[in-house]
Ligand code: C5P
């Protein structure tokens, strides 16, 4: 797959740690402004899913990179992201969620995923992409950048509210472990871009966050396209499994 970096002029980057509210607010913004939407964690989860299915160990770097080559580099039209094989529920099972940050530390994996996201964005201009490194690394020239955050306790409470069977302490521990892994990796660590608008969502409602984000996008000239233009695509997981 050629490494073509599409124009970042119509990209909105939404980064931040797990359960900061990225998915819910990005989907609302996509709908308000008629934007395509991508969860950039999905390709990392696909790699972790396949690595588990093939019994690969995380130390088998060469094998994991060739897996990326087969799955992502071969997907010229980025259609792997919409494949039925990767049902959201399957990609969010606990063993996958535990493995993803380890897979996402591998530089070769990040290169392949970044190329795939560029490919997807070239095919879906006017888009909002959520992740960990969109504003810093994947699209450093994105037109608008947001960095959403919230205290670990608030994020754990949100997860427990989404899935009442989960134990608060275990979720809190999991969130802190994932934050640490994402923030301390050598390549493209989770950190706000210098020019990102940071929003602490701890004490805000979803509507308040979406309002701030929409206002900023409109200030930067991003509006709903005229009626009759092609409907946007949303590659998202169902609300019950979001932002795990
Ligand atoms: O957003 P989601 O929870 O699906 O992301 C799963 C993991 O994928 C993150 O914890 C992170 O390790 C990795 N990821 C990343 N860069 C992105 C998106 C996700 O490293 N842009």
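The values are calculated or read from the model by the stated rules, or taken from the named source; none is laboratory data. Bear in mind that the values here come from a model prediction, so they are computed numbers and not experimental data. Note: ideal-geometry Cβ built from the backbone for every residue, glycine included; neighbour counts use all protein chains shown.
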message = Tell me yes or no: at least one residue of the range 23-35 is within 19 Å of residue 133 (Cβ to Cβ) and within 10 Å of the ligand (Cβ to nearest atom).
response = yes
Identity of the residue in the range 98-109, more than 13 Å from the chain's Cα centre (by Cα) and assigned to a helix (DSSP H, G or I), that ends up modelled with the lowest pLDDT = 98
ask   = For the range 50-62, what are the residues that are in contact (Cβ under 8 Å) with a residue 12 or more places away in the chain and either closer than 17 Å to residue 101 by Cα or surrounded by 13 or more Cβ atoms within 10 Å (Cβ to Cβ) (or both)?
value = 50, 51, 52, 58, 61
inquiry  = Looking at the structure I just gave you, is residue 232 in a loop (DSSP other than H, G, I, E, B), at pLDDT 95 or above and either in contact with a helix residue (DSSP H, G or I) (Cβ under 7 Å, 6 or more places away or on another chain) or surrounded by 13 or more Cβ atoms within 10 Å (Cβ to Cβ) (or both)?
reply    = no
key: Residues of the range 148-167 satisfying the condition of being buried (at least 24 other Cβ atoms within 10 Å of the Cβ) and assigned to a strand (DSSP E or B)   = 148
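Okay, residues lined up against (1) within 15 Å of the ligand (Cβ to nearest atom); (2) surrounded by 15 or more Cβ atoms within 10 Å (Cβ to Cβ):
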residue	(1), (2)
90	yes, no
95	yes, no
102	yes, yes
106	yes, yes
111	yes, yes
122	no, no
133	yes, yes
138	yes, yes
146	yes, yes
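May I ask you to say which residue of 129, 47 is within 15 Å of the ligand (Cβ to nearest atom), modelled with pLDDT of 95 or more and touching a strand residue (DSSP E or B) at 6+ places or on another chain (Cβ under 9 Å)?
Matching residue, one of 129, 47: 129.
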task = State the number of residues belonging to the range 181-198 that are surrounded by 12 or more Cβ atoms within 10 Å (Cβ to Cβ) and either part of a helix (DSSP H, G or I) or on the phi > 0 side of the Ramachandran plot (or both).
result = 4
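Conditions tested, residue by residue: (1) in a helix (DSSP H, G or I); (2) more than 13 Å from the chain's Cα centre (by Cα); (3) closer than 23 Å to residue 170 by Cα.
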{"site": "19", "(1), (2), (3)": "no, no, yes"}
{"site": "26", "(1), (2), (3)": "yes, no, no"}
{"site": "32", "(1), (2), (3)": "yes, yes, no"}
{"site": "56", "(1), (2), (3)": "no, yes, no"}
{"site": "62", "(1), (2), (3)": "yes, yes, no"}
{"site": "76", "(1), (2), (3)": "no, yes, no"}
{"site": "111", "(1), (2), (3)": "yes, yes, no"}
{"site": "119", "(1), (2), (3)": "yes, yes, no"}
request  = Restrict the check to the range 168-175 and report whether at least one residue is under 30 Å from residue 144 (Cβ atoms) and exposed (fewer than 15 other Cβ atoms within 10 Å of the Cβ).
outcome  = no
key: Boolean, residue 26 is within 26 Å of residue 226 (Cα to Cα) and without any contact (Cβ under 8 Å) to a residue 60 or more places away in the chain   = no
message = within 16 Å of the ligand (Cβ to nearest atom) and surrounded by fewer than 24 Cβ atoms within 10 Å (Cβ to Cβ): is that true of residue 67 in this structure?
response = yes
note = Within the range 78-88, the count of residues that are assigned to a helix (DSSP H, G or I) and exposed (fewer than 14 other Cβ atoms within 10 Å of the Cβ) comes to 2
